[in-house]
1. Out of the residues in segment 111-134 meeting the condition of being surrounded by 10 or more Cβ atoms within 10 Å (Cβ to Cβ) and small (Gly, Ala, Ser), tell me which one is modelled with the highest pLDDT.
2. In this structure, does Ala53 turn out to be out of contact with any Cys (no Cβ under 9 Å at 6 or more places or on another chain), surrounded by 17 or more Cβ atoms within 10 Å (Cβ to Cβ) and farther than 14 Å from His71 by Cα?
3. Could you please let me know if Leu131 is part of a helix (DSSP H, G or I) and either touching a helix residue (DSSP H, G or I) at 6+ places or on another chain (Cβ under 8 Å) or of a type outside the set (S, T, N, Q) (or both)?
Amino acid sequence: MSIPTAPAFMKTAAAIEGRRADTTRRRERVVAALTKAHSSGNEISVATIARAAAVDRTFLYRHRDLLAQLHTIQAQPSHDSTRGAAVSLASLHTDLLAAHERGNRLATHIKTLERRLSETLGERVWRESGLGAPQDLDELNQRITGLEQQNLDQKLQLEERVQDLTAARAANRELMTRLNTKK
């Protein structure tokens, strides 16, 4: 004897109803996990809530209302007094922007310092190679001026001595001429 079977549409309707009941139970577990994580101050992310509710992460992504609820709770400050100051998603974004701006300022400062270091090292190598102007150029210019002055003074002294010598030779010739003529 054969057992009468239910019509196929009844089986399908029962399967659909069972699936809806399973989805409802999963949704309730996700909501309970969200509430518990928010009230206890635990980390709230898709992975932690999915793990706590014993559902797959894709379940949260398929149910956009649950995902929006999760993101809303993430953006709210924690009520846990043991964690110190309340941290919200907005404050974390502000901190991230401030850190980014500080990073940009530091990068600009580093580029400026690198440029100055490069210029300083370049000048040093130029001087040490002997191709560039010496570091004490003013001192050397003053010494050149002093030596030029000394040279002029010595030329004047030489001219005076040459004139004295010429005068002495002329006097000597005159005396020799007088001596030679008296004989």
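1. Once the filter is applied, the top-ranked residue is Ser118.
2. Details: out of contact with any Cys (no Cβ under 9 Å at 6 or more places or on another chain): yes; surrounded by 17 or more Cβ atoms within 10 Å (Cβ to Cβ): yes; farther than 14 Å from His71 by Cα: yes.
The answer is yes for Ala53.
3. On the way: part of a helix (DSSP H, G or I): no; either touching a helix residue (DSSP H, G or I) at 6+ places or on another chain (Cβ under 8 Å) or of a type outside the set (S, T, N, Q) (or both): yes.
Spelling it out, it is not the case that Leu131 is part of a helix (DSSP H, G or I) and either touching a helix residue (DSSP H, G or I) at 6+ places or on another chain (Cβ under 8 Å) or of a type outside the set (S, T, N, Q) (or both).
Residues checked against (1) at pLDDT 85 or above; (2) open to solvent by 70 Å² or more (accessible area, probe 1.4 Å):
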{"residue": "His63", "(1), (2)": "yes, no"}
{"residue": "Leu66", "(1), (2)": "yes, no"}
{"residue": "Leu70", "(1), (2)": "yes, no"}
{"residue": "Ala75", "(1), (2)": "no, no"}
{"residue": "Thr82", "(1), (2)": "no, yes"}
{"residue": "Ala86", "(1), (2)": "no, no"}
{"residue": "Leu89", "(1), (2)": "no, yes"}
{"residue": "Leu96", "(1), (2)": "yes, yes"}
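The values are calculated or read from the model by the stated rules, or taken from the named source; none is laboratory data. Keep in mind that what you see is a predicted model, and the values were worked out from it rather than measured. Heads up, the Cβs are rebuilt from the backbone with ideal geometry, glycines too, and the neighbour counts pull from every protein chain shown. These area figures cover heavy atoms from the full protein model, side chains too; ligands, DNA and RNA do not enter into them. Shrake-Rupley method; radii C 1.70, N 1.55, O 1.52, S 1.80 Å.
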